[in-house]
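Peer 1: Got a structure for you, written out below as structure tokens; questions coming shortly.
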Amino acid sequence: MPTDTKRVRGPEVSQSPSLFLWKSAAKKSTASNDARVDGRQRGQVDVRSVFVRCGLISQAKGSAYIEAGNTKLICCVYGPRETERKDETDMKSGRLITDMRFAPFSCRERGSWIQGSDEKDLSLMLLESLRPGVCLHKYPRSQIEVNVMVLENDGSVLAHAVTCASMALADAGIEMYDLVLGCSIRQEGATYLIDPTFLEENGCNLASGSRENLGSLTVAFLPSLNQISGLQSDGEMGEDTLTGGVRTCIEGCFKLYPVIQQALSKAVRRKAPPSES
């Protein structure tokens, strides 16, 4: 079998060096009850700094890129195009198809290109969050495809995937009722961590030492309509804790809203034809 002499051959199974730093980082996160590893405070609506950009992929109808801390995602939108399935439902309204995948190099343990069960679940959650914000009745017998690729997973991927996909839909000129923004929190006893990182999502350390009210929550929100389009919760949380977590996520979405609006405005100005002088 011929070999590629121009490529450095590495082991088939490899691990990131950051795996061996997980325990030390987890210890640092519990050294102080208030401070987090990245400098943010517990119990405060302090989301990570976000960089967003639209219209990066010319082959797609619309595209968007979002970077929140070390979490990086890119989304492409294709369509509307003629649907492959022509049943009674598609005759009256269009179909929204979502596909969310992790790049093999995005996680701490190298994955494969084959879509796993976790990616299928995330794709379904993304679909349920985006569908209420899209005017599908404007596109009968058509389908709109939304493809999200996670380039680096450092936590809160579902929330940022919702925001990124919403921006890509707007960049593609798809009629929408409102933008859909996502935000997530990690509840740890009496305190919470908004926009948690990968270590905070998978860590089982509690600042209060209690096992009650431990879980995660992701909310998809329509800011102009003030409506929730999607909610996903894991763990065990009381009714009051869950209600407070939803309000915290909504407040986090409102903090992201001006940044998303500014990015879309810049994308529209770039696409606008030059003015005749």
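Peer 1: Along Cα→Cβ, 7 Å out, is where each label goes; now give me the distance between the ones at Ser142 and Ala190 in nm to one decimal.
Peer 2: 5.4 nm
Peer 1: Now for a different question. Using 0.36 nm times the number of residues separating Gln262 and Ala35, minus their current alpha carbon distance, what extension gain do you get?
Peer 2: Gain on stretching Gln262 to Ala35: 78.7 nm.
Peer 1: What whole-number value in cubic angstrom gives the convex hull volume per residue for the C-alpha atoms of region 220-261?
Peer 2: Once divided by residue count, the hull of region 220-261 is 71 Å³.
Peer 1: At a 10 angstrom cut-off on C-beta neighbours, averaged per residue, how do the peptides 263-269, 65-71 rank from highest to lowest?
Peer 2: Packing proxy ranking, top to bottom: 65-71, 263-269.
Peer 1: Could you sort out which of Lys138/Lys271; Lys72/Lys138; Lys72/Lys255; Lys92/Lys266; Lys61/Lys92; Lys120/Lys266 sit more than 30 Å apart by Cα distance in this structure?
Peer 2: Those over the limit are Lys72/Lys138; Lys92/Lys266; Lys120/Lys266.
Peer 1: With r defined as the distance between the Cβ atoms of Met91 and Arg247 and R0 fixed at 45 Å, what FRET efficiency is calculated, to the nearest 0.05?
Peer 2: Result of the calculation: an efficiency of 0.65.
Peer 1: Counting pairs of alpha carbon atoms under 8 Å apart in space and at least six apart in sequence, what relative contact order in percent does region 82-190 give?
Peer 2: It comes to 33 percent, rounded to a whole number.
Peer 1: I would also like to ask the following. Given H placed 1.01 Å from N in the peptide plane, which residues other than close sequence neighbours of Tyr192 have an amide H under 5 Å from its amide H?
Peer 2: Amide H neighbours of Tyr192, under 5 Å, 5+ apart: Gly43.
Peer 1: First compute the accessible area of region 106-150 with a 1.4 Å probe, then give the percent of it belonging to carbon and sulfur atoms.
Peer 2: On region 106-150, the fraction of accessible area on carbon and sulfur atoms equals 51 percent.
Peer 1: Report the equivalent ellipsoid semi-axes for region 41-270 in whole Å, largest first, defined as the square roots of five times the eigenvalues of the gyration tensor built from alpha carbon atoms.
Peer 2: One finds semi-axes of 30, 18, 18 Å for region 41-270.
The values are calculated or read from the model by the stated rules, or taken from the named source; none is laboratory data. Note that the structure is a prediction, hence the values are computed from the model and not measured. Using ideal geometry, Cβ is built from the backbone for each residue, glycine included, and neighbour counts are taken over all protein chains shown. Surface areas here come from the heavy atoms of the whole protein model, side chains and all, with no ligands, DNA or RNA. Shrake-Rupley method; radii C 1.70, N 1.55, O 1.52, S 1.80 Å.
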